[in-house]
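Here the structure comes first, spelled out in structure tokens, and everything after it is commentary.
Throughout, read-outs are computed from the coordinates displayed, never taken from laboratory work. This one's a predicted model, so the numbers in the text were calculated from it and none came from an experiment. Here the Cβ positions follow ideal geometry from the backbone for every residue, glycine too, while neighbour counts run over all protein chains shown.
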Amino acid sequence: MSCTRETGGAAPTRGQKILAATLRGSLSVLLKPAFLSRSPVALQRHWLAALSRTTLPARGVPRRRTVLGPVPVELTGNGHSGTVLYLHGGGYVSGAPVTHRALTSHLAKLADASVAVADYRLAPEHPFPAALDDAHRAYLALLEKGHAPERLAVAGDSAGGGLTLALLQRLRDEGQPLPACALMFSPWVDLTLAETPPTVPGEAMLNRQWLAFAAEAYAGDQRDSAGASPLLGNLDGLPPLLIQTGSDEILANDSERLAEALDGADCDARYQRYPGRWHVFQLHAGMLHDADLALAECRDFLHQHWR
């Protein structure tokens, strides 16, 4: 099998061009304190949570707190098509269900799905493999509650995208039932940063210094293990994957390398690259047309594989 490469997005209108420039500029200015390695982790978490209030969750989508095994989750939506276990980004040191409501609520609404957003443990208080263990426990709890694997998916962005891939590898290696498919938004799949460029033109959010800080806080001297850097692990025998990334982000190279590795793997995959878009631009669903288009692609992918 191979990884199909596609160019995502549509020709922007003048209004969308202005909106995109405004969003990019706002991210560049307002998110810097959340992604500075010298900032205390508590400040990074608080700042990211505060800025998430500027996004637009989908209207009319219910949510409630519950647990999956020992893992707290925010259950978003009550759709009947299937269930998505969502693993949020934040470099393993920040982020929470509340910071990703714009993405998860629009995904739930579009896909007529229930999205269980895991509130997994964060580093440095809980280093590797705590996040992976929590993702694993939450997924097994869904199975124990009677969710059929063919109606399940796993999804995640940034660190949560890498966590998604690591979870699939663990489930495969343990002989556990795999979900029908998985979604990854701008996944961070190599914590060694061996081939991460120092900078990328147009990058609005992340920087290599902060990535190095987060990788050390989470995985320390285990950064090159497959559980922490799943790109370095075995990619055979995984369920169908949809990978989306923006062209203007420092982690785009992780997605490119993942697509190349999947070309030689026993796995059906699609890789969509969105020109002129930034890290996890899907968080601007409900405002940015490309974000809506990207999540519509996710809806179609889920419905193609759920049965």
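So here's what we get for this one:
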item: Value of relative contact order over the range 121-204, rounded to a whole percent, pairs C-alpha under 8 Å and six or more apart; result: 29 percent
item: Translational D in µm²/s for the chain (Stokes-Einstein at 20 °C, 1.002 mPa s, Kirkwood Rh from C-alpha pairs); result: 114 µm²/s
item: Kirkwood Rh, Cα atoms: Rg over Rh of the range 51-172; result: 0.94
item: Gain in span if fully extended, residue 137 to residue 222, counting 0.36 nm per residue against the direct Cα distance; result: 28.5 nm
item: Cα centre as origin, Lys/Arg/Asp/Glu Cβ charges: the range 3-305 dipole, Debye; result: 1320 debye
item: Hydrodynamic radius of the range 179-307 per Kirkwood, over alpha carbon pairs, in Å; result: 15.4 Å
item: Relative contact order, percent, the chain [alpha-carbon distance under 8 Å, six or more residues apart]; result: 23 percent
item: FRET efficiency for residue 209 and residue 304, using Cβ-Cβ distance with R0 set to 30 Å, rounded to 0.05; result: 0.15
item: The range 59-101: radius of gyration over Cα atoms, expressed as a fraction of 2.2 N^0.38 Å; result: 1.24
item: Residues 250, 243 arranged by fewest to most Cβ contacts within 10 Å; result: 250, 243
item: Antiparallel content of DSSP bridges confined to the range 3-305, in %, to 5; result: 25 percent
item: Local electrostatic count, residue 186, Cβ distance below 9 Å [Lys/Arg +1, Asp/Glu -1]; result: -3
item: The range 134-234: GluC sites (Glu not before Pro) in DSSP coil with no more than 11 other Cβ atoms inside 10 Å; result: 174, 195
item: Karplus-derived HN-Hα couplings along the range 200-209 (A = 6.51, B = -1.76, C = 1.60, θ = phi - 60°), whole Hz, x at Gly and Pro; result: 9, x, x, 4, 9, 10, 9, 9, 5, 4
item: For the range 54-63, 3J(HN,Hα) per residue [Karplus equation, 6.51 cos²θ - 1.76 cosθ + 1.60, θ = phi - 60°, Hz, x = Gly/Pro]; result: 8, 8, 10, x, 5, 6, x, 9, x, 8
item: Phi-based couplings in Hz for the range 108-122 (Karplus 6.51, -1.76, 1.60; Gly and Pro marked x); result: 4, 5, 5, 8, 6, 10, 9, 10, 9, 8, 6, 9, 6, 5, 10
item: Relative packing of 54-61, 270-277, which averages over residues the other C-beta atoms within 10 Å, highest first; result: 270-277, 54-61
